[in-house]
């Protein structure tokens, strides 16, 4: 089971606290068994809320790399490239202009 996120912990904890207070005030119970039942119900409700909070999906390294390579290789991306970002073609030596290294 994956570790809970901060949002799951916050929503679950808030649900336990608020539902416990609300049920105790509405039921007006003063017995130990009544408080235990309400506390158990609030904990179950908090757990249910914490597990149903949607978990954000993370893109893995492979997915991010694959998406970047697809967009960089697309014709639209190549057409949108500026002159400064293009790689210059290698120079070849001619009789008029020899290449010196």
What is the residue count in segment 1-13 for residues that are part of a helix (DSSP H, G or I) and touching a helix residue (DSSP H, G or I) at 6+ places or on another chain (Cβ under 8 Å)?
5
Within segment 25-35, can one find any residue that is at pLDDT 90 or above, surrounded by 11 or more Cβ atoms within 10 Å (Cβ to Cβ) and closer than 28 Å to residue 4 by Cα?
yes
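Would you point out which residue out of 78, 86 is at pLDDT below 90, part of a loop (DSSP other than H, G, I, E, B) and out of contact with any strand residue (DSSP E or B) (no Cβ under 9 Å at 6 or more places or on another chain)? Talk me through it step by step, then tell me what you get.
On the way: 78 fails: part of a loop (DSSP other than H, G, I, E, B).
None of the others qualify; the one that does is 86.
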With respect to the numbered conditions (1) outside any loop (DSSP other than H, G, I, E, B); (2) under 24 Å from residue 2 (Cβ atoms), which one is the sole condition not fulfilled by residue 41?
(2)
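The values are calculated or read from the model by the stated rules, or taken from the named source; none is laboratory data. Computed from a predicted structure; not experimentally measured. All Cβ positions, even for glycine, are placed from backbone atoms using ideal geometry, and neighbour counts span all protein chains on display.
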